[in-house]
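Let me begin by presenting the structure, written as structure tokens, before commenting on it.
The values are calculated or read from the model by the stated rules, or taken from the named source; none is laboratory data. If you're wondering where the values come from, they're calculated on a predicted model, not measured in any experiment. Cβ placement follows ideal geometry from the backbone for every residue including glycine, while neighbour counts extend to all protein chains displayed.
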Amino acid sequence: MDFELDYLLRQLPALRAGILLTIQVSAIAMVLSIAIGLVGASMRVLRVPVLSQLFAGYVEFIRNTPLLVQLFFVFFGLPAIGLTLSLFWSGVLALTLWAGAFQTENVRGGLSAIASGLREAARALGLTRGQYLRLVGLPLAVRTGLPAILNTCVSLVKNSAYVSAIGLQDLAGVAFDRIASDFRAFEMLAVLLVGYLALVLSLSAAVRALEHRLQAPFRA
Amino acid sequence: MSYGFSLIAENAPLLLIGLRATLLLAAVTLVASTVIGVLLGTLATVKARWVRMLVALYVEVLRDIPLIVTIFTIFFGAPFLGVPLEPFPAVALGLSLWGGANGAEIVRGGIQSVPKGQREAATALGLRAWKIYLLILWPQALRAVLPAYTGLLALIVQSTSLGALVGVTEFLKAGGLIIERSTVMQGINPAFEIYAFVLLVYFGVCSVLTALSRRLERRLGRASAGIVRTPDAASL
């Protein structure tokens, strides 16, 4: 079978919609998962009883179970007990919970890298532990933990392709559908390879550029 | 809720078939990934620059493309090349190419963690290149790569679940079949209980491997720390 550029061009609108959905799902999950990370890491570092242990368990559970099964649990399992979400939000929820676990670890890593003197200084100034986190700890942790946080964001974009498994028409979903209905494997697989490589590589390049800029004050 | 346990007990044979397929798939992938990983990881440390760049390109591409896309590419692409693959070998191949890329990164780090003087001394003694790797570098790298490699195995076990999407009756698919069957035959939807159970079993298997990886890391010291990074699930 030949590679048909005409066919590919006709599919462009659908593929564009797919890429937009990929970006949309990833962007929402990115923001929510970082929020989870900030809250989770704070609970862990402040050793808030119960919540701290809950977050620790949550992180372990997510890290040691497959994303695909988590997705199926959210999309097929939760409706069975009456918690029905739309296709879109099921995908977003699963990706958010998944990435949230890694972001919790990333922010926690950033927090633990802060010199203990800063914490003592904050206490000497009369800041409460919550104030310390809000005014000193988290801003610094986000900065030192930024490479890890952004790497997780890149992984999130890549792994958003999993939502095609529950039928969402993201980039992967559109391409897989076209392969099944039009038998256009070459064209669509080429689109997938180029599409995801472009997304991931441009994001990682942006991450590296940002890291470089943030390092500026520390360079000679 | 109440029928959850009896349903799992009733369908134990099917679940065991699924679990066996999952473990077999993971074992095949582990072996093939190791072959690819050792080969490419070693090539990533040779002198020739173009060889290192080719390996880096392979690793980068395989790690940047979603694994689900790699597997679908092989499963749906193979027939168009005139070599239709059954689901199991297609998934095993896709997982191995991906696992090999991650393995190569680990092996490369392991070899690079061996102090430079070792290679220089071996060269000075007149050892041939392959002997330097076989007798000097690989044995010492082994120590450094073990923790990361155990971590990779946990990721391989997790990623075998993708087999369910192309028709391998592994553990996740077995769970899906039970749900379908009970919906059709008994009119109940046990998706919550079954998928929760499936999650728990994966958690059991993988957390043992993760714990082992951490233990090895402590036991084998920090020789490899910072050089050989244990891949985490984010790199799936």
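Residues of segment B:61-91 that are in contact with a Gly (Cβ under 7 Å, 6 or more places away or on another chain), surrounded by fewer than 22 Cβ atoms within 10 Å (Cβ to Cβ) and aliphatic (A, V, I, L, M): B:74 alone.
Can you name the residue in segment B:179-196 that is part of a helix (DSSP H, G or I) and crowded, with 19+ Cβ neighbours inside 10 Å and, of all such residues, is farthest from the other protein chains (Cβ to nearest Cβ)?
Of all residues in segment B:179-196, those part of a helix (DSSP H, G or I) come to B:179-186, B:191-196.
The next check asks that each one be crowded, with 19+ Cβ neighbours inside 10 Å; those that pass are B:179, B:182, B:191-195.
Working: B:179: 7, B:182: 11, B:191: 4, B:192: 4, B:193: 8, B:194: 8, B:195: 4 Å.
So the residue we want is B:182.
Exactly one residue out of B:201, B:107 is aliphatic (A, V, I, L, M) and touching a Gly at 6+ places or on another chain (Cβ under 8 Å), and it is B:107. From the list A:75, A:88, the lone residue that is surrounded by fewer than 18 Cβ atoms within 10 Å (Cβ to Cβ) and either among the aliphatic types (A, V, I, L, M) or touching a residue at least 40 places away in the same chain (Cβ under 8 Å) (or both) is A:88. Does residue B:77 count as in contact with a helix residue (DSSP H, G or I) (Cβ under 9 Å, 6 or more places away or on another chain) and closer than 30 Å to residue B:148 by Cβ? Taking the combined requirement at face value, the residue does not satisfy it. Residue selection: residue A:161 fails the criterion of being more than 23 Å from the chain's Cα centre (by Cα), within 8 Å of another protein chain (Cβ to nearest Cβ) and buried (at least 18 other Cβ atoms within 10 Å of the Cβ). With the structure loaded, tell me whether residue B:146 is in contact with a Leu (Cβ under 6 Å, 6 or more places away or on another chain) and hydrophobic (A, V, I, L, M, F, W, C) or whether it fails that test. Yes, satisfied. The residues in segment B:160-178 that are within 11 Å of chain A (Cβ to nearest Cβ) and either basic (Lys, Arg) or buried (at least 23 other Cβ atoms within 10 Å of the Cβ) (or both) can be counted, and the count is 10.
Quickly run through segment B:59-78 and pick out the residues that are assigned to a loop (DSSP other than H, G, I, E, B) and either aliphatic (A, V, I, L, M) or more than 9 Å from chain A (Cβ to nearest Cβ) (or both). Quick ask: steps written out before the conclusion?
To start, the set of residues in segment B:59-78 that are assigned to a loop (DSSP other than H, G, I, E, B) comprises B:65-66.
If the condition is that a residue be assigned to a loop (DSSP other than H, G, I, E, B) and either aliphatic (A, V, I, L, M) or more than 9 Å from chain A (Cβ to nearest Cβ) (or both), then B:65 is the only one that fits.
Given the criteria out of contact with any Gly (no Cβ under 6 Å at 6 or more places or on another chain), part of a helix (DSSP H, G or I), away from chain B (no Cβ under 11 Å) and not β-branched (Val, Ile, Thr), does residue A:127 qualify? Here the answer is no, as residue A:127 does not meet what is asked.
Could you tell me which residue of segment A:6-22 is surrounded by the most Cβ atoms within 10 Å (Cβ to Cβ), considering only residues that are among the aliphatic types (A, V, I, L, M) and free of Cβ contacts under 8 Å to residues at least 60 places away in the same chain? Explain how you work it out, then say what you get.
Going residue by residue through segment A:6-22, those that are among the aliphatic types (A, V, I, L, M) are A:8-9, A:12, A:14-15, A:17, A:19-21.
This time we only want the ones that are free of Cβ contacts under 8 Å to residues at least 60 places away in the same chain, so: A:9, A:12, A:20.
Numbers: A:9: 10, A:12: 10, A:20: 12.
Taking the candidates together, the pick is A:20.
Give the residue, chosen from A:93, A:111, A:85, that is part of a loop (DSSP other than H, G, I, E, B), more than 10 Å from chain B (Cβ to nearest Cβ) and in contact with a helix residue (DSSP H, G or I) (Cβ under 7 Å, 6 or more places away or on another chain). Walk me through how you get there before you give the answer.
Values: A:93 fails: part of a loop (DSSP other than H, G, I, E, B); A:111 fails: part of a loop (DSSP other than H, G, I, E, B).
Sole residue among the options that is part of a loop (DSSP other than H, G, I, E, B), more than 10 Å from chain B (Cβ to nearest Cβ) and in contact with a helix residue (DSSP H, G or I) (Cβ under 7 Å, 6 or more places away or on another chain): A:85.
May I ask you to list the residues in segment A:184-220 that are touching a residue at least 24 places away in the same chain (Cβ under 8 Å) and part of a loop (DSSP other than H, G, I, E, B)? The answer is A:184, and nothing else.
Going by the conditions given, is residue B:32 out of contact with any Ser or Thr (no Cβ under 9 Å at 6 or more places or on another chain) and surrounded by fewer than 19 Cβ atoms within 10 Å (Cβ to Cβ)? Steps first, please.
Details: out of contact with any Ser or Thr (no Cβ under 9 Å at 6 or more places or on another chain): no; surrounded by fewer than 19 Cβ atoms within 10 Å (Cβ to Cβ): yes.
Against the criterion (out of contact with any Ser or Thr (no Cβ under 9 Å at 6 or more places or on another chain) and surrounded by fewer than 19 Cβ atoms within 10 Å (Cβ to Cβ)), residue B:32 does not qualify.
Search segment A:59-77 for residues being aliphatic (A, V, I, L, M) and at the interface with chain B (Cβ under 7 Å from one of its Cβ atoms), and hand back the single one that is farthest from residue A:162 (Cα to Cα). So, considering only residues that are aliphatic (A, V, I, L, M) and at the interface with chain B (Cβ under 7 Å from one of its Cβ atoms), the one farthest from residue A:162 (Cα to Cα) is A:69.
Pairing each residue of segment B:87-110 that is of a type in the set (Ser, Thr, Tyr) and assigned to a helix (DSSP H, G or I) with any residue that is surrounded by fewer than 24 Cβ atoms within 10 Å (Cβ to Cβ) and modelled with pLDDT of 95 or more, provided the two are 6+ apart or on different chains, yields C-beta distances under 7 Å for B:96/B:32; B:96/B:36. Which residues, counting only those in segment A:164-183, are more than 10 Å from chain B (Cβ to nearest Cβ) and without any contact (Cβ under 8 Å) to a residue 60 or more places away in the chain? A:177, A:181 - these are the residues of segment A:164-183 that are more than 10 Å from chain B (Cβ to nearest Cβ) and without any contact (Cβ under 8 Å) to a residue 60 or more places away in the chain.
For segment A:28-45, the criterion of being farther than 21 Å from residue A:179 by Cβ and not in a helix (DSSP H, G or I) is met by none of the residues.
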